There are 2 protein chains.
Amino acid sequence: MSPNKSPKRLVVEPEPIAKIGRAEHTRAEILDAAFKFLWSRPFRDMTVNALMATIPQSRTAFYMYFDDIHGLMAALLKKLESEILKGASPWLCDDGDPVALLYESLAAEAQFGYQCGPFIKAVSDAAATNAGLEDQWNTLLDRFDDAVSERIAADQELGLIEAFDPRPVATALNQFDAAKYVRKFGHRPRSRLQPVADAIARVWISTLYGHQWTTGRTSELYRKQVPGSH
Amino acid sequence: MSPNKSPKRLVVEPEPIAKIGRAEHTRAEILDAAFKFLWSRPFRDMTVNALMATIPQSRTAFYMYFDDIHGLMAALLKKLESEILKGASPWLCDDGDPVALLYESLAAEAQFGYQCGPFIKAVSDAAATNAGLEDQWNTLLDRFDDAVSERIAADQELGLIEAFDPRPVATALNQFDAAKYVRKFGHRPRSRLQPVADAIARVWISTLYGHQWTTGRTSELYRKQVPGSH
DNA sequence: ACTAAAGTATGACACGATGTCACCAAATAA
DNA sequence: TTATTTGGTGACATCGTGTCATACTTTAGT
């Protein structure tokens, strides 16, 4: 029953009440409560009722800060967005060995997915029950598709990746990631991080750069394969 | 407002009342009403109330046949499953040019996705709000992953596809399809079928068999690319 | 310090959806 | 015809929602 071991903070812990406005404080308190709630229970159980029961405020206080439970999720998702984009992948920006960078990026992303697993699932569940949130979520996913497409195109220019329309491939890969995180890290106990990260890296690298790169980078999964250069 | 042009029947039209039992008839009537409902309105709007308002029966009659709205979806999904598996892909079973067969299979699948778009979206939405349904849906998706994995493995034996662990790739591809259908055909007006089918085919074929196969098969999308072998 | 205004929080309420139950009606069998 | 089974219903208790009038708290003005 105890909400064991909270995740790395996504939401600011409500700060000492004196320093910031009372309203600000309450709002943060609600957001924080929501994040904690979703850590241990599915989105469908998070009614305004149930959520506000976890903090001293009255249920109606909720409506001072959010339109409804989906409005709350939208606010939470906004925080997630900045978090995500902050750790923006080295692969997307840096120069250097593309395969190595990609591997790094995906590892970092998987790490993040692991940390926020149940919350990510909550967002994708919530998106299914609300049009506005669905848009917001899709927009975020699209941004990923854009970034990845661009990077693919760049490497195609350099001849590192074969020529093909980058977008559908980018979409497929991103969707794959998101679905994997939701399914592997969305429920507790979460699956172990490493195998999931490996599987994802293998699919990306072999899809984009070819199978010969995957060996020896992924930690366990497909050790048998291929030595040669290409 | 008029629920224009109903989809290809997934659910049996309630048959003449005399022949089959009254109960059977009512149950079919409800299932049919639900399918029609979902054709024009999202799952989240389908309350027992709203649904039963579309047929002469009283609201409480619903509970004679289903536990709740998710029970209804489960029943509907079961019908969908048989439909899907009936048209089971030639690529998965037949012999012959694998690329051609795959193209055919995907086209048929896309066609089906197009026909049931809003309903498929409804199922995936409903799965997000109910644990049992989520399992049922995931199981169905897994079955696809299995089938595709097997076929990939078979073609790897024949040297038609490079050696790699088939499962994560199969999963990625299937997830890609499902997400595309939901997003492109899940709302009305639905996107046009052809471009979606092309995009999907291109991703599958180039991922599995290599890029040299995609030209000339896809109807419009990427005519510019690649003549040569690679 | 006192008061007014603004900001914040709450209980009570009306509404709509749910699922159950005791009861009614229709079909069938005796 | 009556008795029994099967199918269907209205009324009800419960729960979640969102709003509103009201009350409490803080801040600013004098």
Legend entry - Given (1) within 13 Å of DNA strand D (Cβ to nearest atom); (2) modelled with pLDDT under 95, number of the condition A:Phe66 does not satisfy: (2)
Legend entry - Residues located in region B:143-192, provided they are aromatic (Phe, Trp, Tyr) and open to solvent by 40 Å² or more (accessible area, probe 1.4 Å): B:Phe144
Legend entry - Members of region B:146-186 found to be in a helix (DSSP H, G or I), over 14 Å from the mean Cα position of the chain (by Cα) and among the acidic types (Asp, Glu), listed by number: B:Asp146, B:Glu150, B:Asp155, B:Glu157
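Suppose we filter B:Phe37, B:Phe62 for residues that are hydrophobic (A, V, I, L, M, F, W, C), crowded, with 18+ Cβ neighbours inside 10 Å, assigned to a helix (DSSP H, G or I) and near DNA strand C (Cβ under 9 Å from one of its atoms); which single one remains?
On the way: B:Phe37 fails: near DNA strand C (Cβ under 9 Å from one of its atoms).
Only one candidate passes the filter, namely B:Phe62.
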Legend entry - Members of region B:135-190 that are facing chain A (nearest Cβ under 10 Å), out of contact with any Gly (no Cβ under 9 Å at 6 or more places or on another chain) and not hydrophobic (A, V, I, L, M, F, W, C): B:Asn138, B:Asp165, B:Arg167, B:Pro168, B:Thr171, B:Asn174, B:Gln175, B:Arg183
Inset, instruction - Report, by residue number, each residue of region B:96-144 that is acidic (Asp, Glu) and over 14 Å from the mean Cα position of the chain (by Cα). - result: B:Asp97, B:Glu104, B:Glu134, B:Asp135
Inset, instruction - Inspect region B:41-55 for any residue being open to solvent by less than 70 Å² (accessible area, probe 1.4 Å), within 11 Å of DNA strand D (Cβ to nearest atom) and over 26 Å from A:Leu133 (Cα atoms) and give the result as yes or no. - result: yes
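The values are calculated or read from the model by the stated rules, or taken from the named source; none is laboratory data. Keep in mind that what you see is a predicted model, and the values were worked out from it rather than measured. Please note: Cβ atoms are built from the backbone with ideal geometry, for glycine as well, and neighbour counts cover all protein chains shown. Calculation scope for accessible area: heavy atoms of the full protein, side chains included, ligands and nucleic acids excluded. Shrake-Rupley method; radii C 1.70, N 1.55, O 1.52, S 1.80 Å.
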